[in-house]
Ligand SMILES: *Cc1c(COP(=O)(O)O)cnc(C)c1O
């Protein structure tokens with residue numbers, strides 16, 4: 001790996017509820033890899049960075065919004081790898097930059113703001129040709145690392161999960177992480193994805209693109225009702241849950257992804273939707289930096 005994995009731990013959560021329901025819940029703490037860059041984003045970047053080295057590229061160009069974990073992970077890893085990075089940002093430059101974009105600048109990323117309507121064209125060949133012309137000898141990565149190479153990188157997360165897991169759970173944004181985990185499932189394992197966007201109904205197509213294989217839902221299950229109103233939306237119930245999870249277990253989560261996943265899985269446990277004896281592994285994909293967009297005092301950590 002191009003980043004250190006020694007810090008990754010599996011945290012066993014002890015709770016009366018889990019004991020009563022006779023399930024085990026473990027959290028794979030990819031957030032422990034690095035305080036700045038999200039765990040799964042580093043995995044998704046792995047093979048792009050490897051290509052950048054092999055091809056002696058000047059750097060990486062990628063896309064994102066003002067709070068993007070992917071942009072920050074890219075800026076940070078490029079800085080460490082001695083590569084240049086360019087972020088093409090959705091929307092006009094605001095008078096005050098977000099914490100995320102300020103951090104991207106700190107890591108040397110060149111920020112290029114474009115209007116939302118321009119940004120919508122970011123995956124079209126004409127737009128990409130212009131980007132390639134402007135940034136010769138750069139590797140271009142789609143928003144969120146949504147690409148087969150991103151999924152291949154995410155598949156390496158599977159190596160950190162015990163053979164004895166019965167259920168592997170992760171939050172779903174672009175679906176790239178989920179698509180990476182799916183082909184690596186062991187015979188007895190089920191993959192549970194919790195979309196953080198409303199109306200995410202094209203996951204099958206996404207997974208076909210990401211894995212270059214016909215989609216077989218097989219042992220994958222999508223749990224669609226824990227998005228709390230949509231991407232980056234939150235309710236007081238979610239915020240209370242995140243604070244409680246931290247107080248009880250010392251487990252920090254973010255309100256966009258991992259908080260929603262943990263809420264969904266623990267709710268599922270309380271509703272008896274896991275068989276007794278389940279050994280559930282939740283992947284903490286990181287993203288804690290995103291909490292800086294909340295008013296101070298919202299969270300207890
Ligand atoms: C991006 C992100 C996800 C979603 O990953 P996808 O591969 O886009 O589905 C989950 N958790 C965190 C913390 C993220 O930053």
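The values are calculated or read from the model by the stated rules, or taken from the named source; none is laboratory data. Nothing here was measured: the structure is a model prediction, and the numbers come from that model. Glycine also receives a Cβ, built like all others from the backbone with ideal geometry; neighbour counts cover every protein chain displayed.
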(request) Report the residue count in the stretch 235-249 for those that are touching a residue at least 40 places away in the same chain (Cβ under 8 Å) and either on the phi > 0 side of the Ramachandran plot or in contact with a helix residue (DSSP H, G or I) (Cβ under 9 Å, 6 or more places away or on another chain) (or both). (result) 2
(message) Quick check on my filter: what residues within the stretch 1-39 are under 15 Å from residue 75 (Cα atoms) and crowded, with 24+ Cβ neighbours inside 10 Å?
(response) 37, 38, 39
(message) With the structure loaded, tell me whether residue 107 is touching a residue at least 12 places away in the same chain (Cβ under 8 Å), away from the ligand (no atom under 16 Å from the Cβ), more than 29 Å from residue 27 (Cβ to Cβ) and crowded, with 17+ Cβ neighbours inside 10 Å or whether it fails that test.
(response) no
(request) List the number of the failed condition for residue 14; all other conditions in (1) modelled with pLDDT of 95 or more; (2) closer than 24 Å to residue 160 by Cα; (3) within 16 Å of the ligand (Cβ to nearest atom) hold. (result) (3)
(request) Could you check, for the stretch 160-168, whether at least one of its residues is surrounded by 20 or more Cβ atoms within 10 Å (Cβ to Cβ), at pLDDT 95 or above and more than 21 Å from residue 24 (Cβ to Cβ)? (result) no
(message) Taking the condition of being assigned to a loop (DSSP other than H, G, I, E, B) and more than 14 Å from the ligand (Cβ to nearest atom), how many residues in the stretch 159-174 meet it?
(response) 6
(request) Would you please name the residue that is farthest from residue 156 (Cα to Cα), looking only at residues in the stretch 1-36 that are touching a residue at least 12 places away in the same chain (Cβ under 8 Å) and out of contact with any helix residue (DSSP H, G or I) (no Cβ under 9 Å at 6 or more places or on another chain)? (result) 22
